[in-house]
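Report on the structure given below.
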Amino acid sequence: MKIFLYDSLSKQKKEFIPIDPKKIRIYACGPTVYNYAHIGNARMSVVTDLLVNILKTKFHKVVFVSNITDVDDKIIEASIREKKPINEITTKYHKIYNQDMKMIGVKKPDFQPKATEHINEMIEMINRLLKNDCAYIEDKHVLFDVSKYEHYGCLSKRTKDQQIAGNRIDVGEYKKNSEDFVLWKPSKKNEPGWKSPWGYGRPGWHIECSAMSEKCLGIPFDIHCGGIDLTFPHHENEIAQSCSAFKKNSDPQSFCKYWFHNGFVTVDGEKMSKSLGNITLINDLLSKYSGSVIRFSLLSSHYRQPLDWSTKILEQSKKTLKKFENFFEKLPSDFVLKDLNEDFDNEFLDSLYDDLNTPRALASLNKLFDKVKGVNKGNKKIILSLAKCFQLLGINLNKKNDESDFATKNESKIVLDLIKEREEARKLKDFERADNIRDKLKKMNIYIEDSVEGTKWIKNE
């Protein structure tokens, strides 16, 4: 079977033909680590994780890179707001992000580069752009000259007026074109910064991903992933600067062959926003639902379609998964599922090969389930195939053979019980007892933080 993916650049569903079948290379824009990950972050991570799993069924080696943005205006704002050093903010939320993703079955990327560790590569790329006459210096800023890249707008298909409106930051009247964007800017007092040929400063957001993807994967690479909201200006700017740095006015595919974007996440029909108070954090959800339920919910609709997040979806997913979990729990003790050598169900795999059609894939699992409950009751071949399909989705239903999952859940229960006990002590103004519980958690390498939303925790590895 062939794998087909929707390419956001050509706006077509195309057969996936790798640049090098021996080594598939994928890049995804990772989080800006200044706060807890929300359901929108999680959807991109889960969908990309599934894409990697699917590609591994056909190709021996898949290299997946997803960055960490640890220098950004939002991080600086968080540092000021929390009155903590920037590196403390980024280290904390980087750990929380990885832990949250692990809990929902997302594997850590093969490489997870930090922006601050690749400043030299960014400076080098900016120098190339200046040398190629695709960038210019004004008022201690280095800006990309959009007029020098003839394919600008190829990904988003935006008009010039839409491009101007969509740019997030106005960097001054000195720009040659309204669409021009920052590659390097001077650092203000108490902002992080690095020495450069253009003075003490820090990189623009867009150059970070271009430099890190080129460093870790080389160009061109196979697939660039991200949320649909990043199409413009971020991904559009990545194409322009990466292509221009290596070959002026080059074809967009000289940077990346396929662009893979997941749809928006809304909450009860409304866009997530601070003002509406409807931002759903993964950390909060994990106190109420298992990681498998959250992941299953995120896969319940096609990745390119908008996903309207609600308690209803979670409860339905919980009910559906419980049906399968109960089945596997009742299997005889000698029914070992650790080595899943059985083939995938053809309908299931064909659905995922067809642009990750998860709704159709999940429907095929129900058909398999009906088979092992009906005339094929107890058929080991079908049961193993069913288990293997769930494994590909990143959902483990074989709880009794999964000691690590049991350990994680058991530890989580202990931590949550201690946090609850501490909260009760604080209500009773028994602060000595509350402090003792905090110390106990600390000895378990558990970091806790009290906020208006309640007490949050993370394990320090």
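Derivation of every value follows stated rules applied to the coordinates shown; laboratory data play no part. All of these numbers come straight from a predicted model, not from anything done at the bench. Cβ placement follows ideal geometry from the backbone for every residue including glycine, while neighbour counts extend to all protein chains displayed.
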**OP:** Would you calculate the volume per residue, in Å³, of the smallest convex hull containing every Cα atom of the range 4-262?
**Re:** 122
Original post:
Full extension from D417 to K195: what is 0.36 nm times the residue separation minus their Cα-Cα distance, to one decimal in nm?
Top reply: 75.0 nm
Subject >> Rough spin-label spacing in nm, given labels placed 7 Å along Cα→Cβ, for Y447 and K131 >> reply: 4.0
Original post:
Quick one: of the DSSP bridges fully inside the chain, what percent are antiparallel, nearest 5?
Top reply: 55
Subject >> Kirkwood Rh and Cα Rg combined as Rg over Rh, evaluated for the chain >> reply: 0.99
**OP:** Report, in degrees rounded to the nearest 10, the 0 to 90 angle that the Cα long axis of helix 119-131 makes with the longest principal axis of the chain.
**Re:** 40
Subject >> Nitroxide proxy distance, nm - points 7 Å out along Cα→Cβ at D370 and K429 >> reply: 6.4
**OP:** Measure nothing fancy, just the Cα-based angle from helix 358-373's long axis to the longest principal axis of the chain, in degrees from 0 to 90, nearest 10.
**Re:** 10
**OP:** Determine the alpha carbon to alpha carbon distance for each of K367/K420; K108/K189; K11/K131; K11/K247; K74/K102 and list only those over 31 Å.
**Re:** K367/K420; K108/K189; K11/K131
Subject >> Distance-filtered residues of the range 19-47 - backbone nitrogen under 17 Å, label point 7 angstrom along F264 Cα→Cβ >> reply: 39-44
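In nm, what is the difference between 0.36 nm times the number of residues separating K107 and E15 and their Cα-Cα distance? Mind dumping the intermediate values first?
On the way: separation 92, 0.36 × 92 = 33.12 nm, distance 2.55 nm.
Length difference between fully extended and current span is 30.6 nm.
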Original post:
Between their Cα atoms, which of K95/K271; K95/K413; K148/K257 are more than 24 Å away from each other?
Top reply: K95/K271
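What relative contact order, as a whole-number percentage, does the chain give when Cα pairs under 8 Å and 6 or more residues apart are counted?
17
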Subject >> Gyration tensor over alpha-carbon atoms, the range 79-163, equivalent ellipsoid semi-axes in Å >> reply: 33, 20, 15
Subject >> Using alpha-carbon coordinates, inclination of helix 311-329 to the longest axis of the chain, degrees >> reply: 50
Subject >> Where labels lie 7 Å past Cα in the beta-carbon direction, separation of S273 and R81 in nm >> reply: 1.6
Subject >> Mean projected area (nm²) of the alpha-carbon convex hull when the range 267-401 is viewed from all directions >> reply: 9.0
Subject >> Within-13-Å neighbourhood charge of S351 [Cβ basis; K, R +1; D, E -1] >> reply: -3
